[in-house]
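The next block holds one structure in the form of structure tokens; read it before the comments.
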Amino acid sequence: MAVNEKITCDICGVQKGEANHWMLWTTEFFVPGPQGEIGGVRFAPWHRDLYRDYNHLCGESCAGKLLAKSVAEWREIAELSRCIPSGESHDSKVMTARSH
Ligand SMILES: [Zn+2]
């Protein structure tokens, strides 16, 4: 059933047509400890019963771009977390890593 809704890629903004190399993605939060959470990314194949609940990518190349963007963010988080002494209770000004 072709519903007349506009689905666009979250990375390049292209509008979805009939061709289907599309996939779904969502953020997932990993909580390594009491000092905050790390925003991860999850990919899934396109599914007509699921796509309304997730974000959209037009294909593998945009999935790659999203991953590259996330990796760049994770690198910053890794650098920040290196400054926080582990196992200590200096948790007054902990950076909460949260991606948007
Ligand atoms: Zn795209």
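Straightening the chain between residue 82 and residue 67 buys 3.2 nm, computed as 0.36 nm per residue apart minus the Cα-Cα spacing. Summary value for segment 1-75: 34 percent relative contact order, contacts being C-alpha pairs under 8 angstrom separated by 6+ residues.
Within segment 24-85, the trypsin sites (Lys or Arg not before Pro) that combine a DSSP coil assignment with at most 16 other C-beta atoms in a 10 angstrom radius are 48.
Bear in mind these aren't lab numbers, they're just calculated from the coordinates by the rules spelled out. The shown structure was predicted, so the numbers you read here are calculated from the model rather than taken from an experiment. No Cβ is skipped: glycine too gets one built from the backbone with ideal geometry, and neighbour counts run over all protein chains shown.
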